[in-house]
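In what follows, a structure is listed as structure tokens, so that the remarks can point back to it.
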Amino acid sequence: MRDHAIGIDIGTTGTKTGIYDRNGRLVGDAFEESILRYPGPGQVEQDPEEIFGSAIRTIRAALKASGLDASRIAAMALDGQMAGIMAVDGDWNPVTHYDSWLDTRCAPWLEELRTHESEIIRTCGMALAFNHAPRFLYWRDKPDVWNRIASFIQPAGYVAGRLAGLSGADAFMDRTYLVFSGFGSGETAEWNETLLARYRLDRSKFPRIVEPWEIIGQLTSDWARKTGLPEGLPIAAGCGDQSANVLGGGLVDPGVVFDTSGTASVFATIIDHFGTDTKYKCLMTCPHVIRGLYFPMAYVAGGGLNLRWFRDSVSPLEKAECESKGINPYDALAKEAAAIPPGSEKLLFLPHLSGRNTPIDPDMRGAFLGLTWRHGKPHMVRAIMESIAYEYAFYLRAVREIAPDYDPHHAINIGGGARSPLLRQIKADVLGIDYRSLEREEFGTLGSAIIAGHAVGLFPDMADTARRFAGKPVAETKARLEMTAAYTPCVDAYIDALATLSPYFARMNRTLSAQG
């Protein structure tokens, strides 16, 4: 009886594989940390071979952990990082490294795209950023690489295609990724061939667009032996990682905020029409896996990395001491920060240590603003946390521009940051929205498993399945409206600081670059 589905999440920090039964119960899982390479300033790469190897190993480990007979697996689907890109040749061999969404080498090509930015926003659903569009141009201008490319794909698509033994001519991209492409339509799921031609981009190098639940192939005998899964197992196209998180979190109805507190701090809302942010240029209107729904989304690229940076670079001794005592260093930092009043006594933090992504501002940098001798480490930690909430408040203003009647019911919070009561309370207070946590902690692999099951008829109604599997909230953090009012000047000051300092950072970077 084939009554289980596998979801594989090819994330930034690691690869996760989860096996779920027909009731949404996780019966086996595995995780392997990613290897990120930093060959130079602003450069972040991943090796496709290492990504693929992590998928094989986690599949094998999850299957072993489940204790299942592999014949009970009905299908698999993969989700993965959305804003980066890679390419394969005609034999499905990688032609490029995975050009990570954290990599900023494509920044100079953003200016070439400015001429048609309004069309890109209107059709694609987001403003220019460190996404696929400037990366396509970056690789276009490397003829030795460009001429070998059969198709651009995502890491999840690469793994799926290799498991199925595909060739470059079979390359695919599901429609949830298109918002990041710059050259596709988020509303009609088509490539903008006119725009591709304007930028001398060969249409043949762009994959066919598919639905997330389309079966793109079956598991080959070779990879069946190496994973332990049955030969011929159907492999569905899958979707982007945030789309999988949204589906796995049961967010299939308009009016909910979705906060993913991970490596990136991602703020999304669910709406029932395609609208584009032409005023603030910070939102990307992503197609939902469920047709007819969209989730405007924006993010701080290293939101979750900021506390890790502070822990490792500013508090290494305290980190070591906490770990020697069996104390979570993040909990220790949060405990001290909780004693600091809201607003961190007029201390602001800019969380854009690697540039700002939504809206795009590659020159933006991180900074503490308003430091005095009164401020100590707890103030800084709280200011780092508050900066994410202030950024979210800016995003919420943008959402209300494209959906004026948007009235969020509540926020569902997932990711590592969701485990912090202080961070949840800060965001609830700043936004004026109650925050809820779900019993589950893993949603990406669940979302992919739902797609896999739907592809073979195990889960006929994806929306209903997602609602059932997400379960009921296990914790709720109430917004304190008096605190929301108190935080409003902080939000205004934060937004003003970004606008004021943006040209300064641009000048600073030009000046320092001139010095070599």
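Values in this text are rule-based calculations from the coordinates and carry no lab data. On a predicted model such as this, the values are computed, not experimentally measured, just so you know. No Cβ is skipped: glycine too gets one built from the backbone with ideal geometry, and neighbour counts run over all protein chains shown.
Leaving out same-chain residues fewer than 8 places away, which lysines sit with a Cα under 25 Å from that of LYS325? List returned: LYS335, LYS377.
Could you list VAL88, VAL474 so that the one with the fewest beta carbons within 10 Å of its beta carbon is first and the one with the most is last? Before the final figure, lay out each step's value.
Values: VAL88 26, VAL474 10.
Starting with the residue having the fewest Cβ neighbours, the order is VAL474, VAL88.
Counting only pairs 8 or more residues apart or on different chains, how many lysine pairs in the stretch 4-244 have their Cα atoms under 20 Å apart? Don't skip to the end; give the middle numbers.
Details: LYS16/LYS64; LYS16/LYS226; LYS64/LYS226; LYS142/LYS205.
Taking the Cα cut-off of 20 Å, the pair count is 4.
Of SER100, SER315, SER243, the sequence from fewest to most neighbouring Cβ atoms within 10 angstrom is SER315, SER100, SER243. Computed on the Cα atoms alone, the convex hull of the stretch 4-244 gives a volume of 110 cubic angstrom per residue.
If you take the Cα centroid of the stretch 254-328 and the Cα centroid of the stretch 413-452, the two points sit 10 Å apart.
Its relative contact order, with pairs defined as Cα atoms under 8 Å and 6+ residues apart, puts the chain at 16 percent.
Order by neighbour count: SER420, SER204, fewest other Cβ atoms within 10 Å first, most last.
Values: SER420 21, SER204 11.
The most exposed by this proxy come first: SER204, SER420.
When the inverse distances between all different Cα atoms of the stretch 84-165 are averaged and flipped, the Kirkwood radius reads 13.5 angstrom. Under the membrane-span-like helix rule (DSSP H runs whose alpha carbons stretch at least 20 Å along the helix axis, mean Kyte-Doolittle hydropathy -1.0 or higher), the chain yields 48-66, 377-402, 481-514.
What number, rounded to the nearest 500 deg cm²/dmol, is the helix-based mean residue ellipticity at 222 nm of the chain, given -39500 (n - 2.57) per DSSP H run of at least four residues and division by all its residues?
Working: 17 runs with 192 residues, N = 516.
Mean residue ellipticity, 222 nm, calculated: -11500 deg cm²/dmol.
Between the stretch 163-229 and the stretch 7-21, the alpha-carbon centres lie 20 Å apart. Cross-link reach is defined here as a Cα-Cα straight distance under 23 Å, omitting same-chain residues fewer than 8 places apart; for LYS472 the lysines meeting it are LYS427.
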